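Please read the structure below before turning to the comments.
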Amino acid sequence: MNFGHPLLLLTLLVIPVGIVLYLLVARRRRMRYAVRYTNVDVLAAVVATGRPWRRWIASGVFLLALAALCVAVSRPHVHRLVASDDATVVLVLDVSGSMQAVDVKPTRLAAAQRALHTFLAKVPPRLKVGLVLFAGEAQVATPPTSDHALVSEAIDEVAFFNGFGGTAIGDALASAVQVGLRSAGVNGNSVSAAGATRSLTSYVAAPKRQASTLVSILFLSDGHQTRGILTPLQGAERARTAGIPVYTVSLGTTGNTTMRGFPPGFGGGQLGPGGGFGSRGLAPDPKTLRAIADRTGGKFYRARSAGAVEDAYASLGSKLGRRPGSTEVTDLFLLGAAGLLVAAGLLSALWSPRLP
């Protein structure tokens, strides 16, 4: 916690001064009572039936209220992640045939769609979000926009995407990098990787490339690469050079499952280079996705169930699009001081000793 006017914290010295004055006044008051009420038996009865600890509680609450007011005038701030108006997150979703596997209920694709909606519900309202869909090739479904309802509609319509057969992880990453660079004001088609890095110098924070950067990529896939021009690590290298962290999610259990629309026991779904179903079947490739995250400074998530993938996206939705900052909490201290003052007044009215 830091303070806008730290010198005003010296007002806290009012509290010990107040305690000393209170003790002096209380002592003089006791002396006056001793002179006015000379009947020792009456005074003894008052002391015996009273509860002195009540008086101390009321006084303590009042002093806490005074301390809260002293802190409030110092304009306290707390460190937290705050929304960045310039941030962009590019969602990349695998929509290949294997996403119809039912090992993740109801299907991998349906579970991923729900997780993306959860992500949109968690992110800051002004965050720009784009959506890239891919199978054998990549396609931009929605460019980065703060209209999250538009992105949500595109997520609901992913079943109509025709990206041919296969899984092109590297090409999808390269496409997402271009989308992110354009959102950051850099033409991803006309500048070199080195030029893009220089152009992003004022935007991309921290050499550790964490979620405080201007652009982040959230990438979900459930299989191995079977098509495409770039390898997964070549696509990751483009993201790393541009300073864009890639957060990867590997969805699915093993290849021993079935796909919706295919007979039980069918182990295909991941198209091979020749257009047929490859021997890798429906098994995800967490090793490659972890390597992509490690190379770009992102984070890898392994999701074997619908709940796990939704938790991953909920966690990322609470972090991406934000940067370290501070928020003033003066109002909270003023509200707390007001409540304590009311409580002190009520306690004092209820518990103050009454002499005959």
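The values are calculated or read from the model by the stated rules, or taken from the named source; none is laboratory data. Computed from a predicted structure; not experimentally measured. Neighbour counts run over all protein chains shown; Cβ positions are idealised from the backbone, glycine included. Areas reflect the complete protein model, heavy atoms only, side chains present, ligands, DNA and RNA absent. Shrake-Rupley method; radii C 1.70, N 1.55, O 1.52, S 1.80 Å.
Here are a few things to note about the model shown:
- Between LYS105 and HIS77, the modelled label-to-label distance comes to 4.9 nm, taking each label 7 Å out from Cα in the direction of the beta carbon.
- Taken per residue, the accessible surface of the range 82-171 reaches 36 Å², heavy atoms only and a 1.4 Å probe.
- Ordering 230-239, 147-156, 9-18 by mean Cβ neighbour count within 10 Å, with the highest value first, yields 230-239, 147-156, 9-18.
- For the range 89-97, putting each phi into the Karplus relation 6.51 cos²θ - 1.76 cosθ + 1.60 with θ = phi - 60° gives couplings of 10, 9, 7, 10, 10, 6, 10, 5, x Hz, in residue order, rounded to whole numbers and with x for Gly and Pro.
- You can think of it this way: the chain between THR330 and LEU9 has 114.2 nm of extra reach, that is 0.36 nm per residue less the Cα-Cα gap.
- Taking amide H as placed 1.01 Å from N in the peptide plane, the amide H of PHE219 sits under 5 Å from that of VAL92, TYR247, THR248, VAL249, each at least 5 places away or on another chain.
- Stretching the chain fully between VAL20 and ASP294 yields a gain of 92.6 nm (0.36 nm per residue, less the alpha carbon separation).
- Note on LYS105: aspartates and glutamates with a C-alpha under 16 Å away, same-chain residues under 8 apart excluded, are ASP222, GLU310, ASP311.
- 5 angstrom amide H check on GLY130, placed H, neighbours 5+ away: VAL89, VAL90, LEU91, THR145
- A Förster radius of 41 Å, combined with the Cβ-Cβ distance separating THR145 from LEU350, puts the computed FRET efficiency at roughly 0.10.
- Of the two radii for the range 92-145, the radius of gyration is 1.02 times the Kirkwood radius, both from the alpha carbons; that is the Rg over Rh value.
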